[in-house]
1. Of the residues 260, 274, only one is surrounded by 24 or more Cβ atoms within 10 Å (Cβ to Cβ) and either assigned to a strand (DSSP E or B) or of a type outside the set (Gly, Ala, Ser) (or both); which?
2. Between 320, 314, 379, which is farther than 29 Å from residue 211 by Cβ and open to solvent by 10 Å² or more (accessible area, probe 1.4 Å)?
3. For segment 229-239, give me the residue count where each residue is in contact with a His (Cβ under 7 Å, 6 or more places away or on another chain) and either among the small types (Gly, Ala, Ser) or not in a helix (DSSP H, G or I) (or both).
4. Within segment 181-190, how many residues are surrounded by fewer than 24 Cβ atoms within 10 Å (Cβ to Cβ) and free of Cβ contacts under 8 Å to residues at least 40 places away in the same chain?
5. With respect to residue 211, is the statement that it is in a loop (DSSP other than H, G, I, E, B) and farther than 30 Å from residue 267 by Cα true?
6. Out of all the residues in segment 22-51, which are in a helix (DSSP H, G or I) and touching a residue at least 60 places away in the same chain (Cβ under 8 Å)?
7. What are the residues in segment 222-237 that are within 10 Å of residue 201 (Cβ to Cβ) and of a type in the set (A, V, I, L, M), if any?
8. Would you be able to say whether some residue in segment 59-79 is closer than 30 Å to residue 153 by Cβ and either touching a residue at least 24 places away in the same chain (Cβ under 8 Å) or under 29 Å from the mean Cα position of the chain (by Cα) (or both)?
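The values are calculated or read from the model by the stated rules, or taken from the named source; none is laboratory data. On a predicted model such as this, the values are computed, not experimentally measured, just so you know. Neighbour counts run over all protein chains shown; Cβ positions are idealised from the backbone, glycine included. Please note that ligands, DNA and RNA were not included when accessible areas were found on the heavy atoms of the full protein model with its side chains. Shrake-Rupley method; radii C 1.70, N 1.55, O 1.52, S 1.80 Å.
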Amino acid sequence: MTDIHTRQQETPLLDAITKFQEQEPAYFRIPAHRFQRGINSRFTEAVGEKVFRYDLSEAEGLDDLHHAQGPIQEAQELAADLWKAKKSFFLVNGTTCGNEAMMLSVVNPGEKVMVMRNMHKSVLMGLIMGGAVPCYINPEYYSSWKLDGSVTPEAVERGFLENPDCRAVFLVSPNYYGIASNLEKIAEICHAHGAILGVDEAHGGHTYFSEMLPKGALQQGVDLCAQSIHKTAGSMTQSSLLHIGSERVDPLRVAANLQLVQSTSPSYILMASLDAARQELAVHGQEMMKKAICLSVEARQKLSRIPGIQVLERPAQAKREIYDLDLTRVVFSARELQITGYRLQELLYERGGVSTELADEENVVCVITFANTEEDISRLVQTLAEIAKSLGESTEDIHEKKEKTREEIRENHEIPPMVLTPREAYFHEKKTICWKDAVDCIAGEMIVPYPPGIPLIYPGERITAEIMREINRFWTNGCVLHGPKDDTLETFQIIE
């Protein structure tokens, strides 16, 4: 039998789909379009025909994601081998369903789970579905950049002192800004308390392939993690991986819960893209990450020379606020020029066709990957330099300069009081009131600035005056808010 380590150049699922469609079968299965023949010609003229020949279902020889025994199973085993997991699962509903499945798999209804406050809203979905009781902990706040930083081992230890019956801990590392936590030490603390550590590693699937990047979650002893391979490692959007990292997790329970949160009609194109991305990382991962890091270093150096622009740098030594930083995330600000990150992001696209991943009140984030080019970096640098020059010369308030000083922006996170659990709140009767009257009320829906998708208020929490001010600031600055049914935020649902 061929050793699995020598099989990393293979793509079992991609090969099985290729073989099947090349046989030109008389196809009477779902989907309806029958390879490319039933696709609207506008679509095929725009993107080509061949990809649609790979949009199939559980046909002969193509396996079944929910009962994998053939090429899907082989592809998942190769993923587990590459990332050094005990077992790996393909996800076609993104890391969202991975986070949900992790929550459902390690905490029962009514049990406590320690949750990093700035986690993605998909963790809230898992709490609603599973009925666990969250105990929130804050990451460190990096005040000079107005960013949520690392969560410290000390914060996790304090969490266990306050809630010793927590069955699990859920963190995000690295976060949207590339800031990573000391998962190795945190894993030791969790295991000493008999708890499982689950990590949303949506933005970190690529870090395993360079010593210049933060250590991956599995390399640091976590029990479960989910990775958005499409974000940083080359698969198609919505394709992710869920890894089991230790014997503390029941793989059968994970598999059963994935059937609750994943489609029963999984996309074979998405799964084939995971198979192909894994193969390329296995063969070329080191050089792919080297290219991404080199482009990132170039961007950082050139951006930092632009007057009025600051670039977030990796600290020479680990700090409480930033234990480590993913160099492929380039975070920059024009705060000295008195312009919000939101407006700077708009100007980058309007003036140079530069499309960036994320903006907040202060900063803009670029995700630099192996597929970027020198020309991409040049456009970013040139456009930002032109914007900075025009802002520096402007004497009129034509760029929507910030009305608030940086000192007015919160220095500390307030965790709103939890009156009802997320599940209790979700199923509770709601009442619609004017948003301006919502202070001291119990939230009936969440409010999530997007991106990055981190809730400011969860259903079941009391809306304090500070939280309302913070939400209003996001809204005033033009940030898109997910969650409220009224997207004008004139009204809001509460629980009486």
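1. Values: 260 fails: surrounded by 24 or more Cβ atoms within 10 Å (Cβ to Cβ).
It is 274.
2. Step by step, each of 320, 314, 379 is checked, and only 379 is farther than 29 Å from residue 211 by Cβ and open to solvent by 10 Å² or more (accessible area, probe 1.4 Å).
3. Going residue by residue through segment 229-239, those that are in contact with a His (Cβ under 7 Å, 6 or more places away or on another chain) are 231-233, 236-239.
Now drop any that are not either among the small types (Gly, Ala, Ser) or not in a helix (DSSP H, G or I) (or both), which leaves 233, 236-239.
Result for segment 229-239: 5.
4. In the first step, residues of segment 181-190 are kept if they are surrounded by fewer than 24 Cβ atoms within 10 Å (Cβ to Cβ); the result is 182, 184-185, 188-189.
This time we only want the ones that are free of Cβ contacts under 8 Å to residues at least 40 places away in the same chain, so: 184-185, 188-189.
Of the residues in segment 181-190, 4 are surrounded by fewer than 24 Cβ atoms within 10 Å (Cβ to Cβ) and free of Cβ contacts under 8 Å to residues at least 40 places away in the same chain.
5. Numbers: in a loop (DSSP other than H, G, I, E, B): yes; farther than 30 Å from residue 267 by Cα: yes.
Yes, satisfied.
6. We begin by selecting, within segment 22-51, every residue in a helix (DSSP H, G or I); these are 22, 41-47, 50-51.
The one that is in a helix (DSSP H, G or I) and touching a residue at least 60 places away in the same chain (Cβ under 8 Å): 51.
7. Scanning segment 222-237 gives 222, 224, 226.
8. Going through segment 59-79, the residues closer than 30 Å to residue 153 by Cβ turn out to be 79.
Next cut, either touching a residue at least 24 places away in the same chain (Cβ under 8 Å) or under 29 Å from the mean Cα position of the chain (by Cα) (or both) only: 79.
Looking through segment 59-79, at least one residue is closer than 30 Å to residue 153 by Cβ and either touching a residue at least 24 places away in the same chain (Cβ under 8 Å) or under 29 Å from the mean Cα position of the chain (by Cα) (or both).
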